[in-house]
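What follows is calculated from the coordinates using simple rules that are stated; it is not laboratory data. Just so it is clear, the model here is predicted, and its values are computed rather than measured. Using ideal geometry, Cβ is built from the backbone for each residue, glycine included, and neighbour counts are taken over all protein chains shown.
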Amino acid sequence: MNTTIETILNHRSIRKFKDQPLTEEQIHTIVKAAQAASTSSFIQAYSIIGVTDQEKKEQLAKFAGGQSYVANTGHFFVFCADLYRHSLLGEFQDVDVLPSIESTEKFMVTIIDAALAAQNAALAAESMGLGICYIGGIRNSLEEVSEILETPDYVVPLFGLTVGVPDQTSSAKPRLPVSAIYHENTYKHDVEWNKNQLEQYDADISSYYENRTNGARKDKWTEQMASMLEKKSRLYMKDFVEKKKLNRL
């Protein structure tokens with residue numbers, strides 16, 4: 001096993017950071033690593049907004065559901081789906097690109113591109129001894145987040161990434177077994193087989209929580225997911241994205 005794989009497998013989310021901002025060199029390296037990610041047809045359909053203004057970070061922390069580590073971190077990156085520059089290049093080249101830009105396909109490309117870039121950024125940060133945590137909570141209030149970040153049409157903030165010097169230790173949560181994730185040639189959709197996989201994973205997760213909390217909790221993964229999925233959330237998203245002129249066709 002090499003150091004790259006060790007970094008990947010040692011990932012855990014960090015939610016408490018030392019009061020130590022990232023250096024300009026660290027920020028630049030993380031962004032360059034993000035840019036090195038694969039991108040569909042070289043479209044590079046994302047942008048990264050680094051938030052350094054403390055007041056803005058505190059506002060974003062509030063709109064993300066009161067996650068204090070958004071405001072108290074070494075640096076806060078926001079990854080955005082971005083086809084704004086592509087709408088401009090259409091004007092430069094006198095080509096009507098808007099039907100393509102406003103399609104579901106291109107919106108999917110922006111999300112995939114942004115996610116690939118963000119994971120490169122996360123791995124780069126962790127390889128430098130920094131801690132990270134993804135913040136999907138900014139999607140709780142995208143109208144307000146977009147106003148804070150002044151994002152134009154064709155740009156949608158997707159998620160944040162806190163990066164900083166860790167001020168806590170945590171253990172990695174067990175993932176689903178490889179056999180449940182990896183399908184060879186065809187999808188394994190046998191109901192009983194899938195139930196067995198879930199029961200095995202439930203036992204692993206319950207044991208993980210019981211050990212981590214000295215018996216204070218031992219809930220199962222299926223219980224967590226069922227409770228979460230039972231509640232409808234962020235149902236405004238489709239209207240918001242279309243308002244930004246994306247995913248309309």
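Distance between the pseudo-spin-label points of Arg12 and Gln168 (7 Å out from Cα toward the beta carbon): 1.1 nm. When all C-alpha to C-alpha distances in the stretch 178-218 are sorted into bins of 5 Å, what percent of pairs does each bin hold, rounded to whole numbers? Values per bin, smallest distances first: 5, 23, 20, 16, 13, 11, 8, 3, 1.
From the alpha carbon centroid of the stretch 43-60 to that of the stretch 140-169 is 5 Å. Enter the angle in degrees (range 0 to 90, nearest 10) between the Cα long axis of helix 104-127 and the first principal axis of the Cα atoms of the chain, meaning the one along which they spread out most. With rounding to tens, the tilt is 60 degrees.
Distance cut-off 26 Å, Cα to Cα: go down the list Lys195/Lys231; Lys56/Lys243; Lys188/Lys238; Lys195/Lys238; Lys56/Lys173 and report the pairs above it. Mind showing how you got there, number by number?
Numbers: Lys195/Lys231 23 Å; Lys56/Lys243 23 Å; Lys188/Lys238 31 Å; Lys195/Lys238 32 Å; Lys56/Lys173 31 Å.
Over 26 Å Cα-Cα: Lys188/Lys238; Lys195/Lys238; Lys56/Lys173.
Counting only C-alpha contacts under 8 Å and six or more residues apart, can you give the relative contact order of the chain as a whole percent? Mind dumping the intermediate values first?
Details: 364 pairs, mean separation 64.5, N = 249.
Averaging sequence separation for qualifying contacts and normalising by length gives 26 percent for the chain.
Over the chain, dividing the summed -39,500 (n - 2.57) contributions of all DSSP H runs of at least 4 residues by the number of residues returns a 222 nm mean residue ellipticity of -14000 deg cm²/dmol.
Sorted ascending by nearby beta carbons within 10 Å, beginning with the fewest, His75, His86 become His86, His75. Where in the stretch 193-213 is the amide nitrogen less than 17 Å from a point lying 7 Å along the Cα-to-Cβ axis of Ala180? Backbone N within reach: 193-210.
What's the whole-number percent of alpha carbon pairs in the chain lying beyond 27 angstrom?
Details: 14645 of 30876 pairs.
Across the chain, Cα pairs with separations above 27 Å total 47 percent.
Under Stokes-Einstein, with the Kirkwood radius over Cα pairs as Rh, the value for the stretch 102-249 at 37 °C and 0.692 mPa s is 174 µm²/s.
Subtracting the Cα-Cα distance of Asp94 and Thr23 from their residue separation scaled by 0.36 nm leaves 21.4 nm. Residue by residue, the stretch 27-34 carries 3J(HN,Hα) couplings of 4, 4, 5, 5, 5, 5, 5, 4 Hz when phi is fed to the Karplus relation 6.51 cos²θ - 1.76 cosθ + 1.60 (θ = phi - 60°); x denotes Gly or Pro. For the stretch 2-112, relative contact order (Cα pairs under 8 Å, six or more residues apart, normalised by length) works out to 28 percent. Per-residue Cβ neighbour counts within 10 Å put Thr29, Thr169 in the sequence Thr169, Thr29, beginning with the fewest. What whole-number distance in Å separates the alpha-carbon centres of the stretch 65-129 and the stretch 180-249? For the stretch 65-129 versus the stretch 180-249, the Cα centre distance is 25 Å.
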